Amino acid sequence: MKGMQVYYVSRAVISAAFGALFIVSGSPWWQGALVGGLAFLWFLYAPRSGRYTVSPQNGVTALGRDERAQGITHQAASAAFVAVMLVLMGICLYFGSVGAEAVPLHLLNWAMIAGALVYVAGDLWLRRRV
């Protein structure tokens, strides 16, 4: 095998192992198959996405990131961190007078979801083709 074939075969094995992990941990077989299939679809899409530099001669480690991709990731992660901190500050200020035990945990979950959305939106915005 040469080129990207080694990469795809290795990613198929990783996807199958990931799906098997779900099944072994108690999930139904169809959920494990779905997770493994989605992971493999991501691995198929990744070399064509423009997020990574592709070097087929490297085999299993064919994908890499250049300085531009690392900078974009850093900026998006920084924006997400700031967003989470601002949301947590607002939650603490609102519920601070009542006491820390009065903060509903579901609001903290929503703060993390907001941070993830800010990261994805920032990443997509910064990667747009100019």
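Hey, does region 103-110 have a residue that's closer than 25 Å to ARG11 by Cβ, open to solvent by 60 Å² or more (accessible area, probe 1.4 Å) and part of a helix (DSSP H, G or I)?
For region 103-110, residues closer than 25 Å to ARG11 by Cβ, open to solvent by 60 Å² or more (accessible area, probe 1.4 Å) and part of a helix (DSSP H, G or I): absent.
Which residue pairs have Cβ atoms under 6 Å apart, sit 6 or more places apart or on different chains, and have a first residue in region 15-28 that is farther than 19 Å from LEU44 by Cβ and a second that is surrounded by fewer than 15 Cβ atoms within 10 Å (Cβ to Cβ)?
Cβ pairs passing all conditions: PHE22/GLN31; ILE23/TRP29.
Against the definition (at pLDDT below 95, among the hydroxyl-bearing types (Ser, Thr, Tyr) and buried (at least 16 other Cβ atoms within 10 Å of the Cβ)), how does THR61 come out, yes or no?
Taking the combined requirement at face value, the residue does not satisfy it.
If you take the residues in region 20-48 that are over 30 Å from ALA69 (Cα atoms) and aromatic (Phe, Trp, Tyr), which one is most open to solvent (accessible area, probe 1.4 Å)?
In this case the residue turns out to be TRP29.
Somewhere in region 50-58, is a residue surrounded by 12 or more Cβ atoms within 10 Å (Cβ to Cβ), within 17 Å of the chain's Cα centre (by Cα) and over 25 Å from SER15 (Cα atoms)?
no
Is it true that ILE72 is surrounded by 14 or more Cβ atoms within 10 Å (Cβ to Cβ) and under 28 Å from ALA111 (Cβ atoms)?
Here the answer is yes, as ILE72 does meet what is asked.
The rows are residues; the columns are (1) in a helix (DSSP H, G or I); (2) aromatic (Phe, Trp, Tyr); (3) touching a Phe, Trp or Tyr at 6+ places or on another chain (Cβ under 9 Å).
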{"residue": "PRO47", "(1), (2), (3)": "yes, no, yes"}
{"residue": "ARG51", "(1), (2), (3)": "no, no, no"}
{"residue": "GLN57", "(1), (2), (3)": "yes, no, no"}
{"residue": "VAL60", "(1), (2), (3)": "yes, no, yes"}
{"residue": "ARG68", "(1), (2), (3)": "yes, no, no"}
{"residue": "ILE72", "(1), (2), (3)": "yes, no, no"}
{"residue": "SER78", "(1), (2), (3)": "yes, no, no"}
{"residue": "VAL84", "(1), (2), (3)": "yes, no, no"}
{"residue": "VAL87", "(1), (2), (3)": "yes, no, yes"}
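Taking the conditions exactly as written (part of a helix (DSSP H, G or I), basic (Lys, Arg), over 30 Å from LEU108 (Cα atoms) and in contact (Cβ under 8 Å) with a residue 12 or more places away in the chain), does ARG11 satisfy them or not?
Yes: the conditions hold for ARG11.
Within region 111-124, how many residues turn out to be open to solvent by 90 Å² or more (accessible area, probe 1.4 Å) and modelled with pLDDT of 95 or more?
So the answer is 1.
On the basis of being closer than 29 Å to GLN5 by Cβ and open to solvent by less than 90 Å² (accessible area, probe 1.4 Å), does PHE95 make the cut?
Here the answer is no, as PHE95 does not meet what is asked.
The values are calculated or read from the model by the stated rules, or taken from the named source; none is laboratory data. Just so it is clear, the model here is predicted, and its values are computed rather than measured. Here Cβ is always computed from backbone atoms with ideal geometry, including for glycine, and neighbour counts include all displayed protein chains. We work out accessible area using only protein heavy atoms, side chains counted, and drop any ligands, DNA or RNA first. Shrake-Rupley method; radii C 1.70, N 1.55, O 1.52, S 1.80 Å.
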